[in-house]
Each structure stands twice: as structure tokens, then as C-alpha cells.
Amino acid sequence: MKVAILAGGLGTRLQEETTVRPKALVEIGGRPILWHLMKFYSSFGFKEFVLALGYKSELIKEYFLNYHHHASNLTINLQRGEVIVRDHNSEDWTVHLLDTGLSTETGGRVKRLGNFIGNEPFLLTYTDGLSNVNIHEIIKFHKSHGRLATITAVRPPARFGKISFDGDKVSLFEEKPNSGEGWINGGFFVLEPGIVDYIEGDHSIFEKEPLEKLALDSELKAYRHNDFWQCMDVRREMQLLETLWQSGQAPWRVWDHVESRV
């Protein structure tokens with residue numbers, strides 16, 4: 001099962017970073033968020049990726065073109081231009097890089113990815129959120145209901161700490177807990193190939209007409225994830241993810257203990 005990743009947006013709400021690079025290459029702990037997502041999926045055994053590129057696509061292409069050399073020790077003969085790769089520590093990934101248009105909406109990108117992948121189910125996510133959701137369990141849930149699409153539902157983190165009172169006494173203090181108010185799209189999908197029939201074209205926004213129509217047709221099921229999920233829409237959220245990584249307590253770093261099998 002291939003992993004499709006939407007990596008073509010402008011990332012306007014994080015423009016302090018995205019004026020010079022695509023959002024997918026914004027770094028956490030010295031690595032692009034795109035790398036964190038791919039490392040996350042590969043820990044579950046999924047190592048073939050299809051990336052929908054758009055804004056500053058050349059930078060993402062350059063990142064992967066140079067990845068093998070950057071992850072290795074090198075001996076370079078400057079006169080002959082020969083490069084010998086020594087002790088490489090590169091990832092065992094296959095990465096398909098598709099230009100899906102600068103102004104194509106999310107639905108259009110999903111349709112183009114789906115057409116490339118062909119007649120097989122696939123995983124889909126964005127490059128703006130990290131989680132410790134169990135991909136094996138999402139797929140198991142998806143197979144159990146037989147519908148076209150599974151969406152991962154999460155509870156959004158609260159913006160501020162929560163204080164509960166007993167009179168004037170603070171009975172409970174939680175530093176930015178989950179809000180507990182409703183569920184939102186967490187961005188980790190399992191999709192059947194028939195999903196492309198619900199998307200008209202490049203102008204289609206995946207989160208609007210396609211998902212709404214799937215819901216009306218009873219073809220959309222939700223896997224509820226009650227544990228860690230954090231988006232990266234603004235600089236404050238990027239800094240939060242960086243703090244978690246530097247603390248050694250990043251919940252999405254499941255590759256240290258997840259078995260790589262489906």
C-alpha cells in the first residue's frame with residue numbers, strides 16, 4: 001500500500017518559514033516535517049511514497065536527489081569528479097515526485113495521485129500534522145467496514161491551559177489539554193481507488209464536496225484517535241513540536257519501538 005502525501009500547498013499561515021521553502025521542508029529537530037511523516041509511516045512497513053508537489057517543488061526534488069549523499073560518508077576526487085559513497089545510512093524508501101500544479105486544490109491533487117497509483121487502496125496525509133496514531137489499526141478498521149474512505153478523527157488541542165475551580169481554589173490545572181470539544185479531520189486517511197470518482201478536477205477541495213458527498217453516500221467512516229495529534233499551521237505550533245522533539249518525548253517518534261509489519 002503506497003503512502004500519498006499532499007506537499008504542494010503555499011503554507012501561507014507559516015509564511016515566516018514558507019517564503020523561502022515549501023511547508024513540507026520546514027524543519028523540526030533539523031529534519032523536514034516531511035521526513036518525520038515518512039519515517040513515521042515507514043516504521044509501520046510502508047516505504048513507497050507518492051508526493052503531490054506544487055509550490056517550490058524543485059526544492060523537494062533537490063532534497064531527495066541529494067538525500068543519499070547527505071546521509072553518507074563520501075570520498076571525492078575533485079580532478080576526475082568521482083564520488084565514492086562510504087558507510088551510507090540512507091532510508092530504504094521509494095519516492096515518486098509528481099508535479100500536480102501550483103494552484104491545484106487538495107481534491108485535485110488527491111485525484112492526480114489516485115490516478116497515478118491506479119487500482120489499489122492507498123494511504124493519504126498532509127504535511128502539516130504529526131500524530132502517534134496506529135496505522136495498522138486504521139487499516140484494520142478500514143478493511144472491516146468496506147467503505148471507500150476512512151478518515152482519522154482527532155480532538156483539537158486547546159490553545160490555552162485549562163483551569164478548574166473549587167470556589168477560589170484551583171482544583172485542576174492542565175497545560176494545553178485536548179479541548180474535548182468535538183472531533184476534527186486529523187489528516188490520516190485510508191482510501192479506495194474509487195475515491196477519484198468523487199473529485200471533479202483540479203479546482204475541487206477534498207475537504208468540501210468530495211468528503212461531504214462520501215458522507216451522504218455512507219461511504220465515509222471515522223477512526224477515532226484519542227491520543228497525540230498536533231498540527232503545524234503557525235510558528236507557535238512549529239515551536240511546540242520542536243520542543244517535544246528536543247525533550248526526547250516526541251510522541252510521533254514511534255520508529256523506536258513499532259514493529260515494521262502490517
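The values are calculated or read from the model by the stated rules, or taken from the named source; none is laboratory data. Small disclaimer: the values here were computed from a predicted structure and weren't measured. All Cβ positions, even for glycine, are placed from backbone atoms using ideal geometry, and neighbour counts span all protein chains on display.
List pairs: first in the stretch 107-123 and over 17 Å from residue 46 (Cβ atoms) and at pLDDT 95 or above, second surrounded by fewer than 23 Cβ atoms within 10 Å (Cβ to Cβ) and among the acidic types (Asp, Glu), Cβ under 6 Å, 6+ apart or cross-chain?
108/202
Name every residue in the stretch 204-229 that is in a loop (DSSP other than H, G, I, E, B) and either of a type outside the set (Ser, Thr, Tyr) or farther than 15 Å from residue 194 by Cβ (or both), in order of residue number.
Answer for the stretch 204-229, where residues must be in a loop (DSSP other than H, G, I, E, B) and either of a type outside the set (Ser, Thr, Tyr) or farther than 15 Å from residue 194 by Cβ (or both): 204, 205, 206, 207, 208, 217, 219, 226, 227, 228.
Among the residues of the stretch 1-22, how many are among the basic types (Lys, Arg) and part of a helix (DSSP H, G or I)?
Number satisfying all stated conditions: 1.
Condition first: without any contact (Cβ under 8 Å) to a residue 40 or more places away in the chain and assigned to a loop (DSSP other than H, G, I, E, B). Now tell me which residues in the stretch 23-37 satisfy that.
Result: 30, single match.
I'm trying to understand the selection: among the residues of the stretch 3-16, which are surrounded by 17 or more Cβ atoms within 10 Å (Cβ to Cβ), modelled with pLDDT under 80 and not aliphatic (A, V, I, L, M)?
11
So which pairs qualify, if the first residue must be in the stretch 240-259 and touching a residue at least 12 places away in the same chain (Cβ under 8 Å), the second must be exposed (fewer than 12 other Cβ atoms within 10 Å of the Cβ) and of a type in the set (Gly, Ala, Ser), the Cβ gap must be under 7 Å, and the two must be at least 6 apart or on different chains?
Nothing qualifies.
Would you mind telling me which numbered condition in (1) of a type in the set (Phe, Trp, Tyr); (2) buried (at least 21 other Cβ atoms within 10 Å of the Cβ); (3) in contact with a Ser or Thr (Cβ under 8 Å, 6 or more places away or on another chain) residue 93 fails?
Answer for residue 93: the failing condition is (2).
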